[in-house]
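Asker: A single structure is presented below for examination.
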Amino acid sequence: MYSTGNIALDQIRKLVEAKGVDTSKTETIEEREARRKRESQDFMKLYQKQQAKELYQASLWPNNQPLKFQFKDWKPNLQPNQQLGREVGIKAFNLAKQLATTNHTVVMWGKPGTGKTSLALAMLQSLMAAGKSGMFVSTSELAYLFRLKFSKRDAEDRIDRVIKQMKKADVVILDDFGTEGGIISRINSDGYKGVALDLQEAIYQVANARFNQQTNSWTGSMIITTNNSREELERMYDGKILSRLIPKEADYMIDFNQLSDVRGRG
């Protein structure tokens with residue numbers, strides 16, 4: 001037996017069909033909701049992809065030359081201690097897998113030419129392939145822009161863009177952190193005043209934006225490479241900045257100090 005509602009629907013359907021409309025192809029309420037949900041999801045994916053592209057394009061590369069490196073490109077055999085080279089590569093690989101589902105800061109310490117930037121890039125490429133947004137920032141290039149900002153307006157605009165995007169990206173490489181402080185002899189000399197205050201303030205803004213004080217946790221991940229020791233960084237930067245940048249746990253630090261400089265080899 002038809003209910004009054006069904007009769008009304010049948011009458012409406014007949015009237016619509018009389019106008020030449022094929023009601024067999026008309027969406028049900030459930031089908032319409034499912035379509036709208038798919039369209040919304042597709043839009044969000046497209047939006048996130050565009051946002052990720054803009055973040056990556058805001059990267060600040062050394063000498064304006066984009067760099068790429070993958071884990072498959074890592075060559076432990078270039079190191080005199082090949083086992084140590086393998087262990088460093090494996091630790092970076094495992095941390096990349098971890099950062100795909102959690103947020104944290106990773107620091108790579110060590111001498112120049114040992115592969116810190118290469119493995120940081122490999123981690124970034126891995127995380128971006130997993131759907132994370134990311135960008136690369138050369139600290140020395142950032143410091144150079146700060147020195148230019150009083151003479152070139154476009155430098156100040158570029159700084160604003162880079163800092164804004166550094167706050168938003170899921171993963172940020174801060175490469176060669178500490179080079180902006182000058183050579184080691186200058187850092188350790190009497191009267192050294194540290195990194196320029198405007199640059200310190202910018203780094204603080206980024207670090208603060210990427211850390212949730214309420215939950216005491218990172219809201220995004222950073223991969224920091226540096227040739228400097230913790231003590232040297234402490235002479236360059238205010239403690240509140242390093243507290244937000246440098247992890248306390250050894251699990252999130254990769255030591256390259258025992259590796260050899262292999263720049264230009266292989």
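Asker: Across the stretch 33-115, what fraction of all alpha-carbon pairs, as a whole percent, falls in each successive 5 Å bin from zero upward?
Answerer: The calculated distribution, bin by bin, is 3, 10, 12, 16, 18, 14, 9, 7, 5, 3, 2, 1, 0.
Asker: Quick check: Cα centre of the stretch 190-266 to Cα centre of the stretch 53-70, how many Å?
Answerer: 20 Å
Asker: With r as the distance between the Cβ atoms of residue 33 and residue 240 and R0 = 45 Å, compute the FRET efficiency 1/(1 + (r/R0)^6) and round to 0.05.
Answerer: In this case the efficiency is close to 0.35.
Asker: Can you tell me the orientation of helix 116-129 relative to the chain, as the angle in degrees between its alpha-carbon axis and the longest Cα principal axis, to the nearest 10?
Answerer: So the helix axis and the longest Cα principal axis differ by about 0 degrees.
Asker: Still on this structure: Divide the volume of the convex hull of the Cα atoms of the chain by its number of residues and quote the answer in cubic angstrom per residue. Please list the in-between numbers first.
Answerer: Details: hull volume 62.2 nm³, N = 266.
Spread over its residues, the Cα hull of the chain gives 234 Å³ apiece.
Asker: Okay, next question. Can you quote the Å³ per residue value for the convex hull of the Cα atoms in the stretch 168-226, rounded to an integer?
Answerer: 100 Å³
Asker: Taking every pair of Cα atoms in the stretch 213-252, average 1/r, invert it to obtain the Kirkwood radius, and report Rg/Rh to two decimals. Please report the intermediate quantities before stating the final value.
Answerer: Numbers: Rg = 11.2 Å, Rh = 11.6 Å.
Using only Cα positions, Rg/Rh for the stretch 213-252 is 0.97.
Asker: Place the peptides 31-41, 232-242, 151-161 in order of packing, highest mean first, counting for every residue the other Cβ atoms within 10 Å and averaging per peptide.
Answerer: Ranking the peptides 31-41, 232-242, 151-161 by packing returns 232-242, 151-161, 31-41.
Asker: In the chain, with Lys and Arg counted as +1 and Asp and Glu as -1 at Cβ, which of these residues, 29, 229, 118, has the Cα nearest the positive end of the dipole, that is, farthest along it?
Answerer: Going by the charge dipole, the pick is 29.
Asker: In debye, nearest 20: dipole of the chain around its Cα centre with unit charges on the Cβ of K, R (+) and D, E (-)? Before the final figure, lay out the partial values.
Answerer: Numbers: 40 positive and 32 negative charges, 90 e Å.
Using only the charged Cβ atoms, the result is roughly 440 debye.
Asker: Counting only protein heavy atoms, what percent of the accessible surface of the stretch 60-216 is carbon or sulfur at a 1.4 Å probe? Intermediate values should be presented prior to the final figure.
Answerer: Working: 3870 of 7920 Å².
In the stretch 60-216, the share of accessible area belonging to carbon and sulfur is 49 percent.
Asker: Also, I was wondering about something else. For the ranges 118-124, 55-61, what's the packing order if you count other beta-carbon atoms within 10 Å of each residue, average per peptide, and put the highest first?
Answerer: Details: 118-124: 24.9, 55-61: 17.9.
Listed from highest to lowest mean packing, they are 118-124, 55-61.
Asker: Additional query: Amide H to amide H, which residues 5 or more places from residue 224 or on other chains are under 5 Å from it, using H placed in the peptide plane?
Answerer: For residue 224, the qualifying residues are 106, 107, 108, 174.
Asker: Mind checking the log10 I(q)/I(0) for the stretch 123-245 at q = 0.09, 0.14, 0.19, 0.22 Å⁻¹? Debye, one equal scatterer per Cα, no solvent, two decimals.
Answerer: After summing over all Cα pairs, the log10 values are -0.26, -0.63, -1.11, -1.36.
Asker: A follow-up question, please. What value, in deg cm²/dmol to 500, does the helix sum -39500 (n - 2.57) over DSSP H runs of n ≥ 4 give at 222 nm once divided by the residues of the chain? Let's see the in-between values first.
Answerer: On the way: 10 runs with 133 residues, N = 266.
Helix contribution divided over all residues of the chain: -16000 deg cm²/dmol.
Asker: Shifting gears a bit: Return one whole number: the accessible area per residue of the chain in Å², for a 1.4 Å probe. Display every interim value, and only then the final one.
Answerer: Details: 15740 Å² over 266 residues.
Ligands and nucleic acids excluded, the figure is 59 Å² per residue.
Asker: Can you work out the Karplus-derived ³J(HN,Hα) for every residue in the stretch 164-174? Use 6.51 cos²θ - 1.76 cosθ + 1.60 with θ = phi - 60°, whole Hz, and x for glycine or proline.
Answerer: 4, 6, 4, 6, 9, 5, 5, 9, 10, 8, 10
Asker: Moving on to the next point. Which one of 171, 106, 195 has the biggest mean-square fluctuation once the chain is modelled by GNM with Cα springs under 10 Å?
Answerer: 195
The values are calculated or read from the model by the stated rules, or taken from the named source; none is laboratory data. These figures come from a predicted structure and were not determined experimentally. As a convention, Cβ positions derive from the backbone with ideal geometry for all residues, glycine included, and neighbour counts pool all protein chains shown. Note: accessible area is taken over every heavy atom of the protein model, side chains too, but ligands, DNA and RNA are not part of it. Shrake-Rupley method; radii C 1.70, N 1.55, O 1.52, S 1.80 Å.
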